[in-house]
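Before any comments, here is the structure.
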Amino acid sequence: MQWELVLFFFVIAFVYASVGFGGGSSYLAMLTFFAFPFQEMKLTALVCNIIVVTGGTIIFIRHKQVDWKKVLPLAVVSVPMAFAGARLKLSEDTFFIILGCSLLIAAVLLWIKTKRIQDEATAVNSSYVRDAGIGGAIGFLSGMVGIGGGIFLSPVLNLMKWDTPKKIAATASFFILVNSISGIAGQLSTVPKDINYTHIGMLAAAVFVGGQMGSRMGIKKYNPVVIRRVTALVVFIAGIEVLHKHLH
């Protein structure tokens, strides 16, 4: 295990936890850079996701930022779709092509700045069918790639003015948690017997510390736009590298 990778995971968890994300896309980007075993990448990213977002989700629930009537249509469909996506047996090249495209999309979504709506702003009219469709599509992609899906869901909901920023962050955090758990459940039958749990444990410990610090300290002391865009560049470069290696 390269200690630089452990440090990167710590930093990623710190940054993402401060805004309610798990960091799955950036974990996969780093694992790609460090040539982590293909069979272990999705499991590692999802385990780290769960560790980072669990605390934040609990805090959001305690502060009553989770609107269950609006969140459940997203989650009820996304969970089985994430499970189904994780069950798909993809070839290594197919997985990396999907991952590369997902990283590029994630980079764009990280880079753009959606116009914030006021905390008092009223949300758009709820549509269970629309929300279920969004949740299902993102959940399926999340299961295939090995991310929680919050990095896709949050910008989409912000663009839709689905709710206030705090409630969207709370929704994304819960969404990442349940989809990551579902994704791991879907992978259990395909996890290799010789998987290196020591490596996963070291990275899990790094994101636990980083996530706890990020959720408590927040990122407001720093320039969140700069940090988000630096992260976007890393994810974008990883996506280009992945596609370059696996597109023939």
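The values are calculated or read from the model by the stated rules, or taken from the named source; none is laboratory data. Everything numeric here is computed off the predicted structure, so don't read it as measured data. As a convention, Cβ positions derive from the backbone with ideal geometry for all residues, glycine included, and neighbour counts pool all protein chains shown.
Residues in the stretch 201-214 that are surrounded by fewer than 17 Cβ atoms within 10 Å (Cβ to Cβ) and either β-branched (Val, Ile, Thr) or under 26 Å from ARG87 (Cβ atoms) (or both): GLY201, VAL209.
This table checks each residue for (1) within 20 Å of ILE151 (Cα to Cα); (2) among the hydroxyl-bearing types (Ser, Thr, Tyr); (3) in contact with a Ser or Thr (Cβ under 7 Å, 6 or more places away or on another chain); (4) outside any helix (DSSP H, G or I).
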residue	(1), (2), (3), (4)
ALA35	no, no, no, yes
THR44	yes, yes, no, no
VAL53	yes, no, yes, no
THR94	no, yes, no, no
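For the stretch 106-125, filtered to residues that are out of contact with any Lys or Arg (no Cβ under 6 Å at 6 or more places or on another chain) and more than 27 Å from GLY23 (Cβ to Cβ), the residue that is modelled with the highest pLDDT is ASN125. Consider the stretch 130-174 and keep the residues that are outside any loop (DSSP other than H, G, I, E, B) and either of a type in the set (Ser, Thr, Tyr) or without any contact (Cβ under 8 Å) to a residue 24 or more places away in the chain (or both). The one that is nearest to LYS70 (Cα to Cα) is THR171. Restricting to the stretch 1-27, what's the tally of residues that are part of a helix (DSSP H, G or I) and either polar (S, T, N, Q) or over 24 Å from ILE168 (Cα atoms) (or both)? The total comes to 10. Applying the set (1) surrounded by fewer than 16 Cβ atoms within 10 Å (Cβ to Cβ); (2) in contact with a helix residue (DSSP H, G or I) (Cβ under 9 Å, 6 or more places away or on another chain); (3) over 22 Å from THR32 (Cβ atoms); (4) at pLDDT 85 or above to PHE83 leaves exactly one unmet item: (1).
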